[in-house]
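The values are calculated or read from the model by the stated rules, or taken from the named source; none is laboratory data. Note that the coordinates shown come from a computational prediction; the quantities given were computed from them, not determined experimentally. Cβ sites come from the backbone with ideal geometry, for glycine too, and all protein chains shown count toward neighbours. For accessibility, only protein heavy atoms count, side chains too; no ligands or nucleic acids. Shrake-Rupley method; radii C 1.70, N 1.55, O 1.52, S 1.80 Å.
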Amino acid sequence: MSASVFFPLDQQQVVGVIGGGQLGRMLALAARRMGVRSVVWTGGLEAPAVEVADEVIDKPFDDPQALLDFCGKATVATVEFENIPLQTMRGVAGKIGLFPSPDAVGICQNREREKNFLRDHGIPCAPFWVVDTLDDLTAAMAELGGPGVLKTAAFGYDGKGQLRISGEESPSDVWQQFGKKRAVLEGWVPFEKEISVMVVRSSDGELRSYDPAENRHREHILDVSIVPAVIRKEVADEARAIAATVAEALDYQGILGVEFFVNRDGSLVVNEMAPRPHNSGHHTLDACACSQFEQQLRVVLGLPLGSTELISPCVMLNLLGDFWSSETEPPDWTSLLQTKGAVLHLYGKRRAKGMRKMGHATLLGEDALKKAEVLKAAWL
Ligand code: AMP
């Protein structure tokens with residue numbers, strides 16, 4: 001038999017988490033609950049995970065000594081953030097094992113590789129052109145012949161490194177404004193909704209997915225996820241099937257988020273993949289028997305997958321920095337704490353700036369969206 005949570009004392013597992021953000025914090029909390037130790041490698045960045053991890057390596061991701069220390073303390077590793085140098089991930093994978101694999105994370109961390117992967121596997125995505133020069137952009141805009149969005153090939157997230165275009169602009173103005181970086185030009189998708197599917201795949205290829213979440217944003221940041229998404233059953237089934245195809249094609253091990261645009265006719269377009277737990281899967285902590293974080297640990301530790309069944313409809317409301325009345329003054333939580341079926345999660349961040357993700361609330365029940373709207377209206 002492979003490992004169990006009841007590891008003999010001389011075989012205690014220590015899960016290494018590369019990245020120390022709130023996803024790492026929730027992974028470390030899930031590990032604690034399962035009696036598993038964790039070591040978090042922060043990359044030298046501010047790291048809400050350090051308060052709950054058993055050990056911390058507070059060094060940059062390209063520090064070779066930090067890699068040795070991390071692999072000396074952890075028995076197996078995972079990532080909570082995709083923008084980790086490939087060489088670092090390969091180093092960890094070679095020493096103690098990394099789930100998901102560096103190759104899978106490497107595809108998801110770069111839009112150019114991600115889009116090529118989707119196209120090569122016949123997975124529906126927006127039309128796109130890789131552009132590296134003004135000539136490339138001129139040709140791509142001419143072929144597109146309409147609205148689109150220019151996105152940096154590497155290190156983009158939450159709408160950062162993106163420029164929307166109408167198609168009427170002069171390519172040289174666009175190229176200048178964008179900063180002349182290697183990019184992907186995508187055709188604009190006139191979608192009706194955005195949804196995402198969290199899918200988990202074990203090392204022996206067993207695969208399960210959670211119900212799709214419907215995602216609504218404020219200023220490019222996730223505001224609420226409504227679960228289950230309000231879409232037809234055929235569309236939900238198709239989204240889960242596509243997410244499974246993506247996980248298979250990546251030979252993925254662990255939890256993967258697949259984001260989609262839903263067109264008015266119900267057809268689906270994959271927007272991007274997140275090779276880790278995802279903000280739109282936070283509800284699984286309170287509305288499913290096995291959370292996305294526990295699933296990740298189960299795969300990493302070689303344990304059986306958990307149930308992905310939704311126990312209650314719910315809404316995940318992100319608690320963003322603009323709910324705070326100042327950087328250090330949180331909103332009054334009384335109404336949330338008094339709301340039936342509301343669960344408060346705070347990430348222990350010291351300062352609330354702009355639209356920073358400070359925490360989230362899960363609201364359970366049929367009237368969850370209404371409850372979320374009432375709370376938001378009081379804080380904004
Ligand atoms: P991304 O960082 O790629 O997830 O993009 C951030 C947001 O911009 C998405 O959630 C969409 O709302 C919007 N967006 C990105 N790409 C497109 C597209 N090709 N067509 C329409 N909307 C898009």
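Here are the numbers:
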| quantity | calculated |
| --- | --- |
| Exposure rank, largest accessible area first [His345, His220, His121; 1.4 Å] | His220, His121, His345 |
| Whole-angstrom gap from region 172-220 to region 247-309, using each part's C-alpha centre | 14 Å |
| Accessible surface, 1.4 Å probe, highest first, among residues Thr328, Thr245, Thr88, Thr339 | Thr328, Thr245, Thr339, Thr88 |
| Over region 214-265, equivalent-ellipsoid semi-axes from the Cα gyration tensor in Å | 21, 16, 9 |
| For region 193-379, fraction of C-alpha pairs farther apart than 25 Å, in % | 35 percent |
| Taking the chain and dividing mean pair separation by its residue count, relative contact order in percent (alpha carbons under 8 Å, at least six apart) | 13 percent |
| Compactness relative to 2.2 N^0.38 Å, alpha carbon Rg of the chain | 0.99 |
| Long-range Cα-Cα pairs in region 127-187 (distance over 20 Å), rounded percent | 10 percent |
| Dimensionless Rg/Rh of region 56-150 - Kirkwood Rh, Rg from C-alpha atoms | 1.14 |
| Environment charge of Thr328, counting only residues whose C-beta is closer than 12 Å and scoring Lys/Arg +1, Asp/Glu -1 | +2 |
| When the convex hull of its Cα atoms is projected in every direction, mean area for region 14-98 (nm²) | 4.4 nm² |
| Potential extension, Gln12-Arg113 segment - 0.36 nm per residue separation minus Cα distance | 32.7 nm |
| Sparse-neighbourhood loop sites, trypsin sites (Lys or Arg not before Pro) in region 259-346 - DSSP loop, at most 13 other Cβ within 10 angstrom | Arg264, Lys340 |
| Accessible area per residue in Å² at 1.4 Å probe, computed on the chain | 43 Å² |
| Spatially proximal lysines relative to Lys59 (Cα-Cα < 26 Å; intrachain offsets below 8 disregarded) | Lys73, Lys95, Lys160, Lys349, Lys353, Lys357 |
